[in-house]
Amino acid sequence: MSSLGKVRPHQTQNEGLVFEKSAPGKRGYKLPPLDVPEVDAKAALGSAYREEKAGLPELSEIEIIRHFTRLSTWNYAIDLGMYPLGSCTMKYNPRVNEFVARIEGLADAHPYRPESLAQGVLEVIDLLQRCLIEITGMDTITLQPAAGAHGEFTGILLVRAWHESRGNARRKILIPDSAHGTNPATAAICGYQVENLKSNAQGGIDLEALERQVDEDTAALMLTNPSTLGVFENEIHKIADILHAKGALLYMDGANMNALVGKVRPGDFGVDVMHLNLHKTFSTPHGGGGPGSGPVACKKFLEPFLPTPVLTREQGSGNRDQKTNSELHWEYDRPQSVGRVRAFYGNTGMFIRALAYILANGPDGLRQTTEDAVLNANYIRKNLEDLYELPYKTPSMHEVVFSDKRQAVKGVKTGDIAKRLIDYGFHPYTVSFPLIVHGALMIEPTESESLEELDLFIDAMRSIAKEVEETPDLVKSAPHSTRVSRLDEVQAARKPILRWRPEAK
Amino acid sequence: MRYLPKSPAEREQMLKAIGAKAIDDLFSTIPAEYRLTRDLDVPRQQGESEIVSYFKAAGQKNATDYASFLGAGCYRHYRPVVIDALVQRGEFLTSYTPYQAEITQGTLQAIFEFQTMIAELTGMDVANASMYDGSTGAAEAVLMAMRVTSRQKAVVASTVHPEYREVLQTYLRYRDLPTAEIGYVPDSGRVDLKALEADVTEETAAVLVQSPNFFGVIEDIPAIAEIAHKKGALLIVSIAEAVSLGVVRPPVEADIVSMEAQSFGVALSYGGPFCGVIAAKEQYLRQMPGRLAGQTVDGNGNRGFVLTLSTREQHIRREKATSNICTNQALVALMATIFLTVYGKEGIRELAEHNLAKAAYAAKTLSAQPGAKLLFKDSPRFHEFVLQTQEPAAQWSQRLLDEKIVGGLDLGRWYPELKNATLWCATEVTARETIDHAAKVLAAAPVEA
């Protein structure tokens, strides 16, 4: 094991499944006495009565605390160290975000409460909307989508509705071969054919190919900018022009917005519609896989198609609406809308957190954040490019993508290097993505890493490169320091066990 | 900026190492004409105390001291404090999708426990790791049924949450999937079985109902299932009030259950984040959307968990995936898992019985007021009920608001045939005195000539 000083082994507690800790008669709750007459449930519900109780566990409170605390210690997290998962923007999740999202009056606001009693939360939503419109350089926005992929879905629905309003929905969506899997999946669920757009030698959009492929049947190009290689499409304006000349739209996947905030605005470089990931760029916690939030910002001409309802402000503040005594309203009467994409108004708890982040930063903080994110990625690139193959030499923005070409000669793959990083105290980078790089190592440090942590990461990666030369089997069998070693994924998929059952005890 | 861990000198040092003169050298690929040369027009940088004050003021402006009878897909239940204590552990809060199983066993085992609890509650064989919410989950369940049956038509009950139905229409917009809407029997508030029987054909992929339905009435699931299955259609049951399963018979005849788990310890939060989940019979597993955690072993035979069957998902299958869903609601699913562990086998029953009792008392008390009447009176209900008043809802609801009570939800917006009808909800946190108070205010209607 390395002597790099980042980690030392420590013990973690064993813990079974919560069902295995259960025993009849143990309790973790106490309800207050009922202040109304009891009801004979069986008599009241008749055949709808549940005879057999659900097989939930029975534990005391201390056991519950220990159970979930023990499980938590088996996780790696941003709070423990660098989490350079490319494309996921694993930045610091400020604790004040969590605090304000739980404030009374916000956390307990029912979505159907009268608007006159909801002006506080509506003002929060309104301010966030205005900030995000300014940051993206777009004209209008919906916060309704629940995550990035849901935002993509919403955005492509807007594209389709707009084309339809002009008499032809068109048939296909162009998607670069470097795109996230959600892009083609989204196009397909919106009823579009997916046409692959091959990247050029620099990993960017091939303008000639684009010109050839865009036609009157093309609804839009779904573009990630910076691309999944972390490269800014420097001919972005030409891309937009080519599309617009044929009546097609430019959709931007905002997954990599952390490279742009405060430095350049998609609305200024020709993007018609885009989504943001509040859980990436705007610091809401990833939570082990959500909740996210995927606002969609767009240009004015797409506004009539936004999901219902849309937040509107009564003209001339101070002149309050007579009926509801409110300034901010949800507007439902939108005949051209694509409809709702979610019940209620979206993941409001995430809006509160994202706004807290924007307020904590201000314009100077947001710009500095972007600059630090790009600085960190370039620092890693500079310090690893002699040992790891850089398939595309184009300048990096917020992430850098290497390949395992040199290590593969020794039979070591990107997935092995990733597992070995765990032993050094880091979460792995994103493995084998984007698909245009064979054996990709996609590294996104974000702005949240100190120089010290970056240097430790670089040391670890350099040390692993050396191990690949000297003791490749050590890398191929990693990790060596975790509670469990590599898990048998084939067995998991062949005979899926997706729930605990008493007989399996 | 307090979240950024670098000194100016360190930034200089790093730039030098990279070989850049200034930070803007690293942004040189952005064409100059697009670079932002001014500050963003957003509020100035604020201290933590200012941020807290801003949101506290917003919370207060929202009016905090109102009692409420609102439900309709978003339910007030007590949230045990251990939930927030545990989900705010950084190891849960600040980790991501458990792609690297060796260092995310905590999240993976918790998902596996969640899947087990949901399967137990719903009477289904398997459940996924979560969906965005109940509305998108119901829409995805219909798409799943289309894939399973290779059929192209859906029949939807009008007693499914109106906003869920709107979301379904959005999801089906470009699918050429016609939907038929089935009404309810005016007396019972339950799905019109005769109409259903007439509309379900050999082309029907799925019948979607909700139980307890939007009126709080429990549907006759066995009868609906029989009608659907006779024609080879799948039955999807949407459950918006998950606590009901403590005392209401699970929809075991269903093929797919789409549930909103918000009631399990998740704050109202003005409508989200919530926690959808899809559960199903095992034979439909390969058509399920979303993530699944599965049990396996490591090289030393230790039990462990991994994300599995991912060949259904977008990162592998791209445009042929079962759904485009990627990030789901993992942390909210963890809240639900902790909630269900706190209440457990006996507690969830007791909790559901308290809800039943409160709502029964509220329904009886409120409908006893002059001019008020309980609709669908003889149908089995959980904790919501529909009250019809002679007086327009707008009038008495203003009187209630003056007394700091938010009354039932006006149904006219979605069901114009139900004149002056409102949907009320009472849960274990609704105090008897609030119910009595609301009844008094209701009764105080100005006497008409």
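The values are calculated or read from the model by the stated rules, or taken from the named source; none is laboratory data. All values reported here derive from a predicted model rather than from experimental measurement. Neighbour counts run over all protein chains shown; Cβ positions are idealised from the backbone, glycine included.
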Assess whether A:MET222 counts as being crowded, with 24+ Cβ neighbours inside 10 Å, within 14 Å of chain B (Cβ to nearest Cβ), modelled with pLDDT of 95 or more and not in a helix (DSSP H, G or I). yes
Just one of the numbered conditions (1) crowded, with 24+ Cβ neighbours inside 10 Å; (2) of a type outside the set (Lys, Arg); (3) in a helix (DSSP H, G or I) is not true of B:GLN262; which one? (3)
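To keep it simple, each residue is scored yes or no on (1) at the interface with chain A (Cβ under 7 Å from one of its Cβ atoms); (2) assigned to a strand (DSSP E or B); (3) within 30 Å of A:VAL431 (Cβ to Cβ).
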residue	(1), (2), (3)
B:VAL332	yes, no, yes
B:PHE339	no, no, no
B:VAL342	yes, no, no
B:GLY347	yes, no, no
B:LYS364	no, no, no
What are the pairs with Cβ atoms under 9 angstrom where one residue, in the stretch B:277-296, is free of Cβ contacts under 8 Å to residues at least 12 places away in the same chain and the other, located anywhere, is crowded, with 24+ Cβ neighbours inside 10 Å and assigned to a loop (DSSP other than H, G, I, E, B)? Sequence gap at least six, or different chains. B:GLN283/B:ASP255
Looking only at the stretch A:126-138, count how many residues are in contact with a strand residue (DSSP E or B) (Cβ under 8 Å, 6 or more places away or on another chain) and surrounded by fewer than 21 Cβ atoms within 10 Å (Cβ to Cβ). 3
Kindly indicate whether any position in the stretch A:119-139 is farther than 30 Å from B:LEU70 by Cα, more than 8 Å from every other protein chain (Cβ to nearest Cβ), not in a helix (DSSP H, G or I) and not hydrophobic (A, V, I, L, M, F, W, C). yes
Per the filter on the stretch B:35-82, residues more than 7 Å from chain A (Cβ to nearest Cβ) and within 24 Å of A:TYR112 (Cβ to Cβ) are B:ALA57, B:ASP65, B:ALA67, B:PHE69, B:GLY71, B:TYR75, B:ARG76, B:HIS77, B:TYR78, B:ARG79
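In the list A:ALA149, A:ALA179, A:ALA188, which residue meets the criterion of being surrounded by fewer than 23 Cβ atoms within 10 Å (Cβ to Cβ) and either part of a loop (DSSP other than H, G, I, E, B) or of a type in the set (Gly, Ala, Ser) (or both)? Lay out the reasoning, then the answer.
Details: A:ALA149 fails: surrounded by fewer than 23 Cβ atoms within 10 Å (Cβ to Cβ); A:ALA179 fails: surrounded by fewer than 23 Cβ atoms within 10 Å (Cβ to Cβ).
The match here is A:ALA188.
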Per-region count, the stretch A:57-76, residues at the interface with chain B (Cβ under 7 Å from one of its Cβ atoms), in contact with a helix residue (DSSP H, G or I) (Cβ under 6 Å, 6 or more places away or on another chain) and in contact (Cβ under 8 Å) with a residue 24 or more places away in the chain: 8
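State which residue is nearest to the other protein chains (Cβ to nearest Cβ) when the search covers only the stretch B:403-433 and only residues that are hydroxyl-bearing (Ser, Thr, Tyr) and touching a strand residue (DSSP E or B) at 6+ places or on another chain (Cβ under 9 Å).
Taking the stretch B:403-433 as the starting set, the residues that turn out to be hydroxyl-bearing (Ser, Thr, Tyr) are B:415, B:422, B:427, B:430.
Filter once more, keeping what is touching a strand residue (DSSP E or B) at 6+ places or on another chain (Cβ under 9 Å): B:415, B:422, B:430.
Numbers: B:TYR415: 15, B:THR422: 11, B:THR430: 9 Å.
In this case the residue turns out to be B:THR430.
Matching residues to (1) in the same structural domain as A:GLY204 (by TED's automatic domain parsing); (2) within 23 Å of A:TRP162 (Cβ to Cβ); (3) without any contact (Cβ under 8 Å) to a residue 24 or more places away in the chain; (4) not in a loop (DSSP other than H, G, I, E, B):
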{"position": "A:LYS238", "(1), (2), (3), (4)": "yes, yes, no, yes"}
{"position": "A:GLY262", "(1), (2), (3), (4)": "yes, no, no, no"}
{"position": "A:GLY267", "(1), (2), (3), (4)": "yes, yes, no, yes"}
{"position": "A:VAL271", "(1), (2), (3), (4)": "yes, yes, no, no"}
{"position": "A:MET274", "(1), (2), (3), (4)": "yes, yes, no, yes"}
{"position": "A:SER283", "(1), (2), (3), (4)": "yes, no, no, no"}
{"position": "A:GLY288", "(1), (2), (3), (4)": "yes, no, no, no"}
{"position": "A:SER293", "(1), (2), (3), (4)": "yes, no, no, no"}
{"position": "A:ALA297", "(1), (2), (3), (4)": "yes, yes, no, yes"}
Within the stretch A:20-55, residues being in contact (Cβ under 8 Å) with a residue 24 or more places away in the chain, surrounded by 12 or more Cβ atoms within 10 Å (Cβ to Cβ) and closer than 25 Å to B:HIS354 by Cβ number 5
Given the conditions (1) hydrophobic (A, V, I, L, M, F, W, C); (2) under 20 Å from A:ALA101 (Cα atoms); (3) part of a helix (DSSP H, G or I), every one holds for B:MET14 apart from (2)
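Tell me, please, whether a residue that is among the polar types (S, T, N, Q), within 18 Å of B:ALA101 (Cβ to Cβ) and at pLDDT 95 or above can be found in the stretch B:284-297.
Kept after step one, since they are among the polar types (S, T, N, Q), are these residues of the stretch B:284-297: B:287, B:295-296.
Subset that is within 18 Å of B:ALA101 (Cβ to Cβ): B:295-296.
In the following step, the residues that additionally are at pLDDT 95 or above were identified as B:295-296.
Within the stretch B:284-297, one or more residues are among the polar types (S, T, N, Q), within 18 Å of B:ALA101 (Cβ to Cβ) and at pLDDT 95 or above.
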Report those helices (runs of 4 or more DSSP H) wholly inside the stretch B:84-152 carrying at least 3 residues which are within 7 Å of chain A (Cβ to nearest Cβ) and surrounded by 24 or more Cβ atoms within 10 Å (Cβ to Cβ). B:105-122, B:134-149
In the stretch B:269-287, anything closer than 17 Å to B:TYR132 by Cβ and in contact with a Lys or Arg (Cβ under 7 Å, 6 or more places away or on another chain) is listed as none
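To keep it simple, each residue is scored yes or no on (1) under 26 Å from the mean Cα position of the chain (by Cα); (2) touching a residue at least 12 places away in the same chain (Cβ under 8 Å).
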position: A:GLU399; (1), (2): yes, yes
position: A:ALA440; (1), (2): yes, yes
position: A:SER448; (1), (2): yes, yes
position: A:ALA460; (1), (2): no, yes
position: A:VAL484; (1), (2): no, no
position: A:GLN491; (1), (2): no, no
Conditions (1) at pLDDT below 95; (2) at the interface with another protein chain (Cβ under 7 Å from one of its Cβ atoms) -> A:VAL100 fails only (1)
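Run down B:MET14, B:MET1 and say which single residue is surrounded by fewer than 18 Cβ atoms within 10 Å (Cβ to Cβ) and either under 30 Å from A:PHE232 (Cα atoms) or at the interface with another protein chain (Cβ under 7 Å from one of its Cβ atoms) (or both). So that I can check it myself, show each step before the final result.
On the way: B:MET14 fails: surrounded by fewer than 18 Cβ atoms within 10 Å (Cβ to Cβ).
The unique qualifying residue is B:MET1.
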